[in-house]
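As structure tokens, the structure follows; a few thoughts come after it.
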Amino acid sequence: MRLTTRIKRSKQMIRMVRPVELTTSDLIYPIFVREDGKKFEIASMKGQDYFSLEDAVTTCKKTIELGIPAVMVFGVLKEKDADGSTALQKNGFHPRVFRKLKKELGDKLVLISNLCLCDYTADEFCVYTKKGKVLNEKTAEMLGKIAVVHAEAGADVVAPAAMCDGQVRHIRSALDREGFEDVPVMTYVKTDSCLFQPFFEAMTLSKTPRSGVDSSTFRTDIINEKMFMQKVDLDVSEGADIVIVKPALTNLDLILRVRQEHPTIPIAAYQVSGEYAMIKLLGENGHLDEDVLLLESLKSIKRAGADMILTYSALEAAKLLKGKA
């Protein structure tokens, strides 16, 4: 008789037979850098801080020490405008962040640029619209221009988050045309989710974040696997080097599906702000052990097929994995 308990006799034997393992090399840390230089806790994401540019350098050095290979940069501007034209200023805030981090850290850390119009536009939409219709080509062309600005400043990877059709094609063409053929495109494919809300509150300049934004017009339906895979297939066909599945928790099956359909494409999964907040709240209220829950959630994402995981808990997770917590 085959006994399943034979290979569970000890912790060491359990480790021996694991087909995958979670390590610090799998983690990517998203950071929020404020143009006004203020540092304080993010109200909607307790335990996470806004950083000044100098604070960001310090935090990135800690990230390197913990064995985390990459950060994703979110710049929080002092002002936004109607069409997001400030994004094209070569001495704008985002380029200054990349230049500073690259100067201080060199190639010790991969710098990922989050590319989305909502960082720059007053209405905080991810895409340009007209009478409720998504303007794919106009949005994609603008994202291509922003990608070049960020690559010139030192971004190692660009990650378009607008979910508009044609964004990867325009970005790839713009980067290649300007001599940045070696800069990868790490495309987001997102389901329409309430789990993004704490992030919107962290990034907004408005008292009513995302008011009037109908995200269902550019994200995929949470229950429609075919719609999701259609977007993945499109972005891969346009030259995406890496696919980000977002959110992670509610899309574990889609992570696996992308792995099955595109076995040669690296897959990232984003443990988003709502997931982060839920784990924090459960831990703070004593319902569950926060550290155990964090690692269990990250391991389930890894098991589903993710090669890398973006998580606001990257530093805490790395400490736990290294036994330093």
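Readers should treat all values here as calculations from the given coordinates under stated rules, not as data from a laboratory. Worth saying up front: this structure is predicted, and the values here are computed from it rather than measured. Counting neighbours? That spans all protein chains shown, and the Cβs are built from the backbone with ideal geometry, glycine included.
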Original post:
Picking from P263, P160, P30, which is most flexible by a Gaussian network model of the chain using Cα springs under 10 Å?
Top reply: P263
**OP:** Scan around F51 for amide H atoms under 5 Å from its own, H built in the peptide plane at 1.01 Å from N, and keep only partners 5 or more places away or cross-chain.
**Re:** F32, V33, R34
Subject >> Percent RCO, i.e. relative contact order, over the chain, from Cα pairs under 8 Å lying at least 6 residues apart >> reply: 18
Original post:
How large, in Å, is the chain by the Kirkwood hydrodynamic radius built from its alpha-carbon pairs?
Top reply: 20.3
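Just from its helices, what would the mean residue ellipticity at 222 nm be for the chain, if runs of 4 or more DSSP H residues each count -39500 (n - 2.57) and the sum is divided by every residue, rounded to the nearest 500 deg cm²/dmol?
Rounded to the nearest 500, it is -12000 deg cm²/dmol.
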Original post:
Say we join alpha carbon atoms closer than 10 Å with springs in a Gaussian network model of the chain; which of R34, R177, R303 then has the biggest fluctuation?
Top reply: R177
Subject >> Residue of T63, T250, T311 that the Gaussian network model of the chain assigns the largest fluctuation, springs spanning Cα pairs under 10 Å >> reply: T250
Original post:
Which lysines have a Cα less than 24 Å from the Cα of K299, not counting those fewer than 8 places away in the same chain?
Top reply: K8, K11, K46, K62, K190, K246, K280, K319, K322, K324
Subject >> Whole-Å distance, taken between Cα centres, linking region 287-325 and region 251-274 >> reply: 16
**OP:** Compute the acute angle (0 to 90°) between the alpha-carbon long axis of helix 167-177 and the principal axis of greatest extent of the alpha-carbon atoms of the chain; round to the nearest 10°.
**Re:** 70
Subject >> Inter-label distance for R99 and K131, nm, one decimal - labels placed 7 Å from Cα along Cα-to-Cβ >> reply: 4.3
Subject >> Descending semi-axes in whole angstrom, ellipsoid equivalent of region 24-151, from the Cα gyration tensor >> reply: 27, 16, 14
**OP:** Amide H neighbours of V110 under 5 Å, at least 5 residues apart or on other chains, H built in the peptide plane: list them.
**Re:** A70, V71
**OP:** Using 0.36 nm per residue of separation minus the Cα-Cα distance, give me the extension gain between Q197 and K62 in nm, one decimal.
**Re:** 45.8 nm
**OP:** In nm, give the distance between the simple-model label positions of E284 and S237, each being 7 Å from the Cα along the Cα-to-Cβ direction.
**Re:** 4.6
Original post:
For region 202-325, taking Cα atoms only, what is the radius of gyration to one decimal and the Dmax to the nearest whole Å?
Top reply: 16.3, 47
Original post:
Based on DSSP, what percent of beta bridges with both residues in region 18-321 are antiparallel, to the nearest 5?
Top reply: 10
**OP:** Give a residue-ordered list of calculated ³J(HN,Hα) values for region 274-288 (Karplus: 6.51 cos²θ - 1.76 cosθ + 1.60, θ = phi - 60°; whole Hz; x for Gly, Pro).
**Re:** x, 5, 4, 5, 5, 4, 4, 5, 4, x, 5, 8, x, 7, 9
Subject >> Pairwise centroid distance, computed over Cα atoms, of region 172-190 with region 35-97, Å >> reply: 21
Original post:
Once the dipole of the chain is set up with Lys and Arg at +1 and Asp and Glu at -1 on Cβ about the Cα centre, which of M203, V258, L298 lies farthest towards its positive end?
Top reply: L298
**OP:** Would you kindly derive the ³J(HN,Hα) couplings of region 243-249 from the backbone phi angles with the Karplus curve 6.51 cos²θ - 1.76 cosθ + 1.60 (θ = phi - 60°), listing them in order in whole Hz, with x for Gly and Pro?
**Re:** 10, 9, 9, 8, x, 8, 4
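Note down the magnitude of the dipole of the chain about its Cα centre, charges +1 on Lys and Arg C-beta and -1 on Asp and Glu C-beta and zero elsewhere, to the nearest 20 debye.
Numbers: 46 positive and 45 negative charges, 206 e Å.
Around 980 debye, computed over the chain.
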Subject >> Approximate spin-label separation V20-I223, in nm, with each point projected 7 Å along Cα-to-Cβ >> reply: 2.7
Original post:
By how many degrees, between 0 and 90 and to the nearest 10, does the Cα long axis of helix 225-237 differ from the longest principal axis of the chain?
Top reply: 60
Original post:
What number, in nm² with one decimal, is the all-direction average of the projected area of the convex hull of the alpha-carbon atoms of region 100-214?
Top reply: 7.9
Subject >> Residue (of V149, F51, V127) at the positive-pole extreme of the chain, dipole from beta-carbon charges >> reply: F51
Subject >> Length released on extending from E152 to L88, taking residue separation times 0.36 nm less the Cα-Cα span >> reply: 21.9 nm
Original post:
For helix 290-304, what angle does its Cα long axis make with the longest principal axis of the chain, in degrees from 0 to 90 and rounded to 10?
Top reply: 80
Original post:
How large is ³J(HN,Hα) for each residue in region 179-196, as worked out from phi by the Karplus curve 6.51 cos²θ - 1.76 cosθ + 1.60 (θ = phi - 60°), to whole Hz, x for Gly and Pro?
Top reply: x, 10, 4, 8, 8, x, 9, 10, 7, 7, 10, 10, 8, 6, 9, 6, 6, 7
